[in-house]
Amino acid sequence: MNNPQQVVTPPQSGTSSIKTMREAINEALHQEMERDPTVIVMGEEVSGGAGCQGQDDAYGGVFGLTKGLMPKFGRERVIDTPISESAIIGAAAGAANTGLRPVAELMFFDFIGVCFDQIFNQAAKFRYMFGGKARTPMVIRGTVGAGLRAGAQHSSMLHPVVVHTPGLKVVIPSNAYDAKGLLIAAIRDDDPVIFLEHKLLYDTKCEVPDEPYVIPFGEAAFTREGSDATIVAIGAMVPRANAVADKLAQEGIHVDVIDPRTLAPLDDEAIIESVEVSGRLVIVDEAHERCSLAADISSIVAEKAFHALRAPIRKVTAPHTPVPFSPVLEDAYMPSEDRIEQAVRDVLGA
Amino acid sequence: MNNPQQVVTPPQSGTSSIKTMREAINEALHQEMERDPTVIVMGEEVSGGAGCQGQDDAYGGVFGLTKGLMPKFGRERVIDTPISESAIIGAAAGAANTGLRPVAELMFFDFIGVCFDQIFNQAAKFRYMFGGKARTPMVIRGTVGAGLRAGAQHSSMLHPVVVHTPGLKVVIPSNAYDAKGLLIAAIRDDDPVIFLEHKLLYDTKCEVPDEPYVIPFGEAAFTREGSDATIVAIGAMVPRANAVADKLAQEGIHVDVIDPRTLAPLDDEAIIESVEVSGRLVIVDEAHERCSLAADISSIVAEKAFHALRAPIRKVTAPHTPVPFSPVLEDAYMPSEDRIEQAVRDVLGA
Amino acid sequence: MSYSPEFLLESYRTMKTIRLFEERVIKEFEAGNIPGFVHAYDGQEAVAVGVCMNLTDKDVIGSTHRGHGHCIAKGCDVVGMMKEIMGKAGGLCKGKGGSMHIADFDKGMLGANAIVGGGPPLCNGAALSAKTLGTKDVAVSFSGDGSSNQGTVAEALNLAVVLKLPHVFMFENNGYGEGTGADYAVGSGDVAGRAGAYGMPSAKMDGIDFFAVYEATREAVERARRGEGPTALEADVVRFDGHFIGDPQLYRAKGEIKQLRADRDCLKHFRARVTGEGWLSDAQLDEIDESVTALVEKAAAEGLAAPQPDISELYTDVYISY
Amino acid sequence: MSYSPEFLLESYRTMKTIRLFEERVIKEFEAGNIPGFVHAYDGQEAVAVGVCMNLTDKDVIGSTHRGHGHCIAKGCDVVGMMKEIMGKAGGLCKGKGGSMHIADFDKGMLGANAIVGGGPPLCNGAALSAKTLGTKDVAVSFSGDGSSNQGTVAEALNLAVVLKLPHVFMFENNGYGEGTGADYAVGSGDVAGRAGAYGMPSAKMDGIDFFAVYEATREAVERARRGEGPTALEADVVRFDGHFIGDPQLYRAKGEIKQLRADRDCLKHFRARVTGEGWLSDAQLDEIDESVTALVEKAAAEGLAAPQPDISELYTDVYISY
Ligand SMILES: Cc1ncc(C[n+]2csc(CCOP(=O)(O)OP(=O)(O)O)c2C)c(N)n1
Ligand SMILES: Cc1ncc(C[n+]2csc(CCOP(=O)(O)OP(=O)(O)O)c2C)c(N)n1
Ligand SMILES: [Mg+2]
Ligand SMILES: [Mg+2]
């Protein structure tokens, strides 16, 4: 967890510094808005203070991700909206069709419930339905995941829902370095991209280049390396998987930890190659287990690396329950290091 | 396909007759509304003719599923609504909390996009969030699937999205007999139930008892039996799987065809037992492949029947594309008997 | 008001094209040559054309499930449309969209939409582009009376006011959402008034009167181009056919359609007006009728003759890159 | 109007309970004893209580993310609430819901709702049950100014009119949705008027005036019980605290809160009115203050002392049967 990027090489030239994921995302937004005047940011409280008598940029996003953008780029490009998510996403999609590159914020990604049509039936399908003529270069950023005691309606992952949907790309960074490079890639991408930020990661830090850089989609990162087993983990589960890997390493057990970084496209080759060597796979996914990404990856590996598998694939997921409020229950809800460790021992023991 | 119910035994007493799935569903609604005055039906055009000068019950649902209910039970219990799906589902959920058993129709299940919040964040979570005190006995019926050249926004399956969601039960009948028994079970169930009706099955027929009967949730049906391989198929894929099974049987290859009937709860035991014997599994799912039910079942079997598997599990799904309009493309989009047959031969050959 | 003959001829030609196109679509549908669900626009031509005669190719419109008329009024090629509706190669959307998903971005036609209420939020986006990029272009969304009850439309109305977007909301009230009366489903009984209550000017007009639609839209479009924000318009129109082709329409009063076709035909109304005023002659209009008949014949013939899409098309166009 | 002393005492007691409960919640939150996101209701007490004094246990309400006041006004047990907000065993929802998900169906409290605009569609359902079962009960949904911009709310307003549902929509306009001004986000600048345009009577009132809220609601509730359909009410209120506890509120004018607390405190207003009219004495009110203080103290103490839920609770209550 100290250095989640140990395997990824940062760009060789230029300055860099320790940044939180929050700072890295904010920097990416600043740099892309600077570079490209068609990039706009919109959502609830992305500045804050609209129609109020106190300070502008009072929030800069409720989690502070868009702080400083409004003072720099003005309300015309940093647009506070009413609480109307269908209107927000629809406007972003329509603007993307007509010359802008909107970055729309869903304060909590759970709010896709009130704008899902504009995402899955509209933005995601334009290019196909319209015979290849539509371009919809938009990014939807939203906070996902449990851990902040935000209750059942503000703590979901929901990536399986968007990964299932053709036409959407889905990104979930696990650290500040990836967050910056992936967000810049997302903004420059010509397709709709869902960019999921795990609440628990905003304050995590690592070395991040100051210049803009792009991390291409569909390239997994190996955050730990070893041939005894393979762990695939996403988002906030990556640091947990890394911690388990580090602990096991002290016993001489060495595992690959693979962070796919983008869930659609998925770098299934990296996973399959690792499993071809290790023969043992644990998938850690904070979503509920049914029709999850864990199930998805499991099914891909079970099909494509069938003969390499030396033990049943183990999924470590959230249970088939809403996210409970009570901290003790919420902690038990999330895949823990203990459960991940146990799963690795299980696949090793089998 | 002549007799998809060959393994399920119909109730022993009472009369029965050949009915289409449309008739069976309609009969279930009639009988449950008759039996229980708290059952109501609501949605767009469930009667039709509201505020018009011609006939009432002009549609009885655009596919005719609710025909005859309004004349019999009146507009108070068969409620035509404005085109406002969030209001429809919300009203159904709130009514379910307070003494009614609403059966709400989403004309096309694709319309969950505009009411998804009321389904996944509200109705599905009440019981848990409220500490076990809420009861939400409601059914959401909707048409799913491709095949009617209805285009990208009216042809989705979307069951993975609801199966993923804790708190929802998900049913998809493959024939008239199951449809009636499962719908009656759904209406009597005390949890929210998503009842998915495949467009291509409405006119398919089989012997259906005239009396009300219940098919319990979580019990798969074996529509064909054989120990050489296992096919799991759902909805409109079941008759296709049956046809493949019949064709292979002529070559002496005998396969189990399992129709889970309810996707949540899922009768994974039936599937595992079958695979324990056959060692070979093909899953046919009309949904897109990523995070699909096919992936879900594959991952369950790969974990729980790992040592029994003698070949990689094969998924036969729709591609990762929206549903195309053009008939030739739409036909290529849907899992075909040819592709199912090939997959079975693949698992047998491995 | 006075109108140039070119303007009047073009308006008539476009309305007539829609009429004949739709009549041919109905015929081809009934002959089994068009798959799926098709919603015909005939009877409402004066709205699509009255609106779009105010627009350039750079202005955009967002349409509905009943979108053929909007497409034609916005300049889409009718041959490409016919092929699209038949699901053929060479269709405007390669046959992948179909009747409910025709778009032509080059013409500013942002798409039909099979989701009721799907379009207005998207048109806000186009209007936002125009505002942000300072182009002075406008967006017009078409919605029905039924669609006006969707929450997405309400949100779009409010956002358009808040951001002062150059967006004209055109509500075509044809009295029905499928088989449900607008009087029943619109609780207020007043689509324009309810939309206006979101904080924008609103107006109602007789939607079979091309000139009434044209003038009301002109004002709204000019206002939008001046940066003064959105307007809501409601056109009182008639649905000559079923909700979809094949709809038995049991919910309509006996004789209703016949009477509407006799009394409330926008094309008849237009012809009477322009010949009555002495602006155009019957002969000029007849000539257009003929050439449009030929055009639609050509569209149908080419549509029928067009090949099916290649199966490989199933997998393309999901992403620009993946 | 004249009011019985019992009525006045109960109203005051409930308002005071909300006030002290919220102040204690803020204190416990700041002390780290309450996890998550909490939105305090203090300052708006006259609305919750003015509304709910018109309701029986069989009438239902639907609430928001800022729901503690509604819960207390509807009769929820404050000890159970405090435990819930602390995530403890014995909480009204076993600690699984938290501040934003408190419900008590036995009291007709259908649930707080962490989704803005989530409640009004659900309250239509409760109203539909009342109408269908002929109970004469009513439903009241609470929404904010910000919430009034959600499409779900618009749909709910329309459906309530169409089905003539016994549903009172109470919009509490506290001037802010998070850090965005209502004047900015509500394009029309008029929440009640916009809601009324859906086809129902609407009224605005000063939401710090308990009596104004009570009377307006009484009329609306009576209308609903008579089967005459929904009403939209807008109460002009003040938010004494941040959007959430811990909000630095940089978007508010300097001194704004201080002034609101001085001039626009509904409890002070109530006390002045009832003592001024000679309806109650200061001593009677002081006595209530004391007993409420004790009650809230007890709630906090029991909340703090309560055990954590058993881990097995994670897996229960997803379904009634599965
Ligand atoms: C979200 C959604 N709900 C329902 C439908 C089904 N549907 C298609 S058109 C229609 C009626 C629309 O009525 P209106 O807006 O008045 O347009 P018109 O058909 O009269 O042109 C309905 C209910 C849909 N396509 N999308
Ligand atoms: C659908 C949805 N969008 C956004 C939010 C985030 N959010 C929570 S409360 C709130 C402001 C609500 O404002 P208002 O309705 O005026 O209520 P108030 O907070 O003033 O009581 C917002 C934006 C949410 N919970 N749900
Ligand atoms: Mg209509
Ligand atoms: Mg507010």
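The values are calculated or read from the model by the stated rules, or taken from the named source; none is laboratory data. Owing to the predicted nature of the structure, the values given are computational and were not obtained by experimental measurement. All Cβ positions, glycine included, derive from the backbone under ideal geometry; neighbour counts span all protein chains shown.
Take the residues in segment C:168-193 that are facing another protein chain (nearest Cβ under 9 Å) and part of a loop (DSSP other than H, G, I, E, B); name whichever of them is nearest to ligand 3 (Cβ to nearest atom). It would help to see each step written out before you state the result.
Initial filter on segment C:168-193 (facing another protein chain (nearest Cβ under 9 Å)): C:175-190, C:193.
From what is left, the residues that are part of a loop (DSSP other than H, G, I, E, B) are C:175, C:178-179, C:186-190.
Values: C:G175: 7, C:E178: 8, C:G179: 11, C:V186: 10, C:G187: 15, C:S188: 16, C:G189: 14, C:D190: 15 Å.
Only one residue fits best here, namely C:G175.
With D:M100, D:M109, D:M86 as the choices, which residue is within 16 Å of ligand 2 (Cβ to nearest atom), modelled with pLDDT of 95 or more and among the aliphatic types (A, V, I, L, M)?
Details: D:M109 fails: within 16 Å of ligand 2 (Cβ to nearest atom); D:M86 fails: within 16 Å of ligand 2 (Cβ to nearest atom).
None of the others qualify; the one that does is D:M100.
I'd like the residue in segment B:278-293 that is facing another protein chain (nearest Cβ under 7 Å) and in contact with a strand residue (DSSP E or B) (Cβ under 6 Å, 6 or more places away or on another chain) and, out of all such residues, is surrounded by the most Cβ atoms within 10 Å (Cβ to Cβ).
From segment B:278-293, those facing another protein chain (nearest Cβ under 7 Å) are B:288, B:290-293; that's our starting set.
Those left that are additionally in contact with a strand residue (DSSP E or B) (Cβ under 6 Å, 6 or more places away or on another chain): B:288, B:292-293.
On the way: B:H288: 24, B:S292: 28, B:L293: 30.
For segment B:278-293, the residue satisfying everything is B:L293.
Each row is one residue, and each column tells you yes or no for (1) away from ligand 1 (no atom under 16 Å from the Cβ); (2) under 30 Å from C:L133 (Cβ atoms); (3) in a strand (DSSP E or B).
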{"position": "C:A195", "(1), (2), (3)": "no, yes, no"}
{"position": "C:Y198", "(1), (2), (3)": "yes, yes, no"}
{"position": "C:V213", "(1), (2), (3)": "no, yes, no"}
{"position": "C:V238", "(1), (2), (3)": "no, no, no"}
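Within segment A:294-333, which residues are among the hydroxyl-bearing types (S, T, Y), within 14 Å of chain D (Cβ to nearest Cβ) and either free of Cβ contacts under 8 Å to residues at least 40 places away in the same chain or part of a loop (DSSP other than H, G, I, E, B) (or both)?
Listed by number, the residues that qualify are A:T317, A:T321, A:S326.
Can you tell me how many residues within segment A:80-91 are over 14 Å from C:L110 (Cα atoms) and either free of Cβ contacts under 8 Å to residues at least 24 places away in the same chain or at the interface with chain C (Cβ under 7 Å from one of its Cβ atoms) (or both)?
Looking only at segment A:80-91, we keep the residues that are over 14 Å from C:L110 (Cα atoms), and these are A:80-89.
Now restrict to residues that are either free of Cβ contacts under 8 Å to residues at least 24 places away in the same chain or at the interface with chain C (Cβ under 7 Å from one of its Cβ atoms) (or both): A:81-82, A:84, A:86-87.
Final tally of qualifying residues: 5.
Of all residues in segment D:182-238, which are of a type in the set (D, E), in contact (Cβ under 8 Å) with a residue 12 or more places away in the chain and farther than 28 Å from A:E44 by Cα?
Passing the criteria: D:D209, D:E215, D:E219, D:E228.
Please specify each residue of segment B:135-160 satisfying the condition of being surrounded by 24 or more Cβ atoms within 10 Å (Cβ to Cβ), within 7 Å of another protein chain (Cβ to nearest Cβ) and away from ligand 1 (no atom under 16 Å from the Cβ).
B:P160
Only one of these is buried (at least 19 other Cβ atoms within 10 Å of the Cβ) and in contact with an Asp or Glu (Cβ under 6 Å, 6 or more places away or on another chain): C:D236, C:D241, C:D206. Name it. Let's see the steps before the verdict.
Values: C:D241 fails: in contact with an Asp or Glu (Cβ under 6 Å, 6 or more places away or on another chain); C:D206 fails: buried (at least 19 other Cβ atoms within 10 Å of the Cβ).
On inspection, the qualifying residue turns out to be C:D236.
Quick check, is C:G119 buried (at least 24 other Cβ atoms within 10 Å of the Cβ), more than 18 Å from D:D190 (Cβ to Cβ) and within 16 Å of ligand 3 (Cβ to nearest atom)? Give the derivation first.
Values: buried (at least 24 other Cβ atoms within 10 Å of the Cβ): yes; more than 18 Å from D:D190 (Cβ to Cβ): yes; within 16 Å of ligand 3 (Cβ to nearest atom): yes.
Yes, satisfied.
Among the residues of segment D:81-98, write down those that are touching a residue at least 24 places away in the same chain (Cβ under 8 Å) and out of contact with any Phe, Trp or Tyr (no Cβ under 7 Å at 6 or more places or on another chain). Can you show your working first?
Keep residues of segment D:81-98 that are touching a residue at least 24 places away in the same chain (Cβ under 8 Å), which gives D:81-83, D:85-91, D:94-96, D:98.
Those that are touching a residue at least 24 places away in the same chain (Cβ under 8 Å) and out of contact with any Phe, Trp or Tyr (no Cβ under 7 Å at 6 or more places or on another chain): D:M81, D:M82, D:K83, D:I85, D:M86, D:K88, D:A89, D:G90, D:G91, D:K94.
Quickly run through segment D:301-322 and pick out the residues that are surrounded by fewer than 20 Cβ atoms within 10 Å (Cβ to Cβ), out of contact with any His (no Cβ under 9 Å at 6 or more places or on another chain) and not in a loop (DSSP other than H, G, I, E, B).
D:A301, D:E302, D:L304, D:A305, D:I311, D:S312
Could you check how many residues of segment C:132-166 are more than 8 Å from chain A (Cβ to nearest Cβ), out of contact with any helix residue (DSSP H, G or I) (no Cβ under 9 Å at 6 or more places or on another chain) and either within 15 Å of A:A87 (Cα to Cα) or in a helix (DSSP H, G or I) (or both)? Spell out the reasoning first.
Residues of segment C:132-166 that are more than 8 Å from chain A (Cβ to nearest Cβ), as a first pass: C:134-138, C:140-150, C:153-154, C:157, C:160-161, C:164-166.
Filter again for out of contact with any helix residue (DSSP H, G or I) (no Cβ under 9 Å at 6 or more places or on another chain), leaving C:134, C:161.
The next check asks that each one be either within 15 Å of A:A87 (Cα to Cα) or in a helix (DSSP H, G or I) (or both); those that pass are C:161.
Qualifying residue count for the region: 1.
If C:G175 satisfies every condition in (1) within 14 Å of ligand 1 (Cβ to nearest atom); (2) surrounded by 24 or more Cβ atoms within 10 Å (Cβ to Cβ) but one, which is the exception?
The one condition C:G175 does not meet is (2).
Do we find that C:R218 is within 30 Å of C:L128 (Cα to Cα) and under 22 Å from the mean Cα position of the chain (by Cα) in this structure? Even if it seems obvious, please write down each step before you answer.
On the way: within 30 Å of C:L128 (Cα to Cα): yes; under 22 Å from the mean Cα position of the chain (by Cα): yes.
It is true that C:R218 is within 30 Å of C:L128 (Cα to Cα) and under 22 Å from the mean Cα position of the chain (by Cα).
Which ones in segment A:185-216 are in contact with a strand residue (DSSP E or B) (Cβ under 6 Å, 6 or more places away or on another chain), farther than 17 Å from A:Q31 by Cα and β-branched (V, I, T)?
Within segment A:185-216, A:V193, A:I194 qualify.
Looking only at segment B:186-214, count every residue that is within 13 Å of the chain's Cα centre (by Cα) and either under 30 Å from B:M129 (Cβ atoms) or among the hydroxyl-bearing types (S, T, Y) (or both) and tell me the total. Walk me through how you get there before you give the answer.
Of all residues in segment B:186-214, those within 13 Å of the chain's Cα centre (by Cα) come to B:186, B:193-202.
Subsequent filtering for residues that are either under 30 Å from B:M129 (Cβ atoms) or among the hydroxyl-bearing types (S, T, Y) (or both) retains B:186, B:193-197, B:202.
Of the residues in segment B:186-214, 7 are within 13 Å of the chain's Cα centre (by Cα) and either under 30 Å from B:M129 (Cβ atoms) or among the hydroxyl-bearing types (S, T, Y) (or both).
Which one of the conditions (1) within 16 Å of ligand 4 (Cβ to nearest atom); (2) more than 7 Å from every other protein chain (Cβ to nearest Cβ) does C:G119 fail to meet, given that it meets all the rest?
For C:G119, the exception is condition (1).
Being away from ligand 4 (no atom under 15 Å from the Cβ) and among the hydroxyl-bearing types (S, T, Y) narrows it down to one of D:Y184, D:Y214, D:Y251, D:Y176, so name that one.
Working: D:Y184 fails: away from ligand 4 (no atom under 15 Å from the Cβ); D:Y251 fails: away from ligand 4 (no atom under 15 Å from the Cβ); D:Y176 fails: away from ligand 4 (no atom under 15 Å from the Cβ).
Checking each option against the conditions leaves just D:Y214.
Hey, could you check segment A:92-113 for residues that are within 30 Å of A:L148 (Cα to Cα) and within 8 Å of chain C (Cβ to nearest Cβ) and say which is surrounded by the fewest Cβ atoms within 10 Å (Cβ to Cβ)? Talk me through it step by step, then tell me what you get.
Within segment A:92-113, the subset within 30 Å of A:L148 (Cα to Cα) is A:92, A:102-113.
Add one more test, that the residue is within 8 Å of chain C (Cβ to nearest Cβ), and what stays is A:92, A:102.
Working: A:A92: 36, A:P102: 30.
Ranking the candidates gives A:P102 first.
Residues of segment C:25-42 being touching a Phe, Trp or Tyr at 6+ places or on another chain (Cβ under 7 Å) and either within 27 Å of C:P121 (Cβ to Cβ) or without any contact (Cβ under 8 Å) to a residue 40 or more places away in the chain (or both), which ones?
Here is the first cut: in segment C:25-42, the ones touching a Phe, Trp or Tyr at 6+ places or on another chain (Cβ under 7 Å) are C:36-39, C:42.
C:G36, C:F37, C:V38, C:H39, listed by residue number.
Among all residue pairs at least 6 apart or on different chains, which show Cβ distances below 7 Å where the first residue, located in segment C:54-76, is at positive phi and the second is modelled with pLDDT under 95 and assigned to a loop (DSSP other than H, G, I, E, B)?
From residues that are at positive phi, there are no pairs.
What is the residue count in segment B:138-164 for residues that are under 18 Å from B:P260 (Cα atoms) and out of contact with any strand residue (DSSP E or B) (no Cβ under 7 Å at 6 or more places or on another chain)?
Here the count works out to 1.
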